[in-house]
Amino acid sequence: MSMSPPPSRLQSRAYSELRRLIVSGEFPPGTFLSERQLALQLEMSKTPVHVALERLESEGFVTISAQQGIVVRGMSVEDIVDHYELREAIEAWVVRRLAGKLSPGQERQLQDNLKEQRAALKEDDLSRLVQLDEQMHFMLGSFLQNREIMSTMERLRDKIHQVIVRVTDSDRSRPADSVSEHARIIKAILAGEGAQAADLMVEHLEAGKRRILNPERFAR
């Protein structure tokens, strides 16, 4: 007779699956969730689902209230501004510190990523481009080998994904601009121009923020 997995494993599975459903857009903002229905869908009891939802609420993915119940939360203007301010502070500092200090292998990884971005752009493969965009930002963070920075970036991973998708949806010309901006950032890093790389990173993130907050200005 097989034993059921311990609650911690069930809670972890419930959390991972529910987070995936929200981030992927299968549960879009405004969706009402039922613990009972989710438990049936995930084929588990309500307890691990309840624990997972409480964790998702603490991370800002859902709102739980006695009046409305459980609702998938979209990113508010305040969330978006806070998100970008944190990333600008971290990522500008990262590229400033990395400039001129990459190993040949790290330089090659960045160049390969940029080459793949250009190929995905040419093929109009936006989902691949989003993946490569995220990968480039995380790659830079990992090169610095600062565990606290990587921990923060990991915590932001799904929010970063949501933001990049929203920027792409708000302005279809943005991907081409974004790849060009990535190329300039990488060029400054490789040239050892730390201050310029930091300024370019802030400009790059600010451009994305503006397109989410004022999409009508960038409509094509």
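The values are calculated or read from the model by the stated rules, or taken from the named source; none is laboratory data. The structure presented is a predicted model; accordingly, all values stated were derived computationally and were not measured. Here Cβ is always computed from backbone atoms with ideal geometry, including for glycine, and neighbour counts include all displayed protein chains. Each accessible area value is taken on the protein alone, full model and side chains, heavy atoms only, with ligands, DNA and RNA left out. Shrake-Rupley method; radii C 1.70, N 1.55, O 1.52, S 1.80 Å.
Per residue, the stretch 88-220 exposes 52 Å² of solvent-accessible protein surface, assessed with a 1.4 angstrom probe and all protein chains in place. Each part reduced to its alpha carbon centroid, the stretch 1-71 and the stretch 123-144 end up 28 Å apart. Taking other residues whose beta carbon is less than 14 angstrom from the beta carbon of GLU107, and scoring Lys, Arg as +1 and Asp, Glu as -1, yields +3. Taking the accessible area of the stretch 30-169, probe 1.4 Å, and keeping the other protein chains in place, the carbon and sulfur fraction comes to 47%.
When the helices of the chain are scored as -39500 (n - 2.57) per DSSP H run of n ≥ 4 and the total is divided over every residue, the value at 222 nm lands at -24500 deg cm²/dmol. Centroid-to-centroid, using Cα positions, the stretch 94-112 and the stretch 161-188 are 20 Å apart. Comparing mean-square fluctuations of ARG87, ARG174, ARG108 from a GNM of the chain with C-alpha springs under 10 Å, the top value falls on ARG108.
Remark: the chain carries a charge dipole of roughly 300 debye about the Cα centre, counting +1 on each Lys and Arg Cβ and -1 on each Asp and Glu Cβ. Among the listed pairs LYS115/LYS159; LYS115/LYS187; LYS159/LYS187, a Cα-Cα separation exceeding 22 Å is found for LYS115/LYS159; LYS159/LYS187. With K and R counted +1 and D and E -1, the other residues having a Cβ less than 11 Å from that of ALA207 yield a net charge of -1. All other residues whose Cβ lies under 11 angstrom from that of ARG166 are scored, Lys and Arg at +1 and Asp and Glu at -1, for a net of +2. Spin-label pair LYS101-SER34: with each label point 7 Å from Cα along the Cα-Cβ axis, the two points sit 5.5 nm from one another. Here's the picture: charge each Lys and Arg Cβ at +1 and each Asp and Glu Cβ at -1 in the stretch 74-220, and of GLY105, THR168, ALA198 the one pushed furthest to the positive end of that dipole is GLY105. Annotation: peptides 190-199, 132-141, ranked by per-residue average of other Cβ atoms within 10 Å with the highest first, follow the order 132-141, 190-199. Accessible surface of VAL72, taken over heavy atoms with a 1.4 Å probe and every protein chain present, rounds to 10 Å². Shape call for the stretch 1-103 from the C-alpha gyration tensor, a ≥ b ≥ c root eigenvalues: rounded (a/c under 1.5), prolate (a/b greater than b/c) or oblate? Here the stretch 1-103 falls in the oblate category. Extension gain for the segment LEU126 to GLU85, taken as residue separation times 0.36 nm less the Cα-Cα distance, is 12.2 nm to one decimal.
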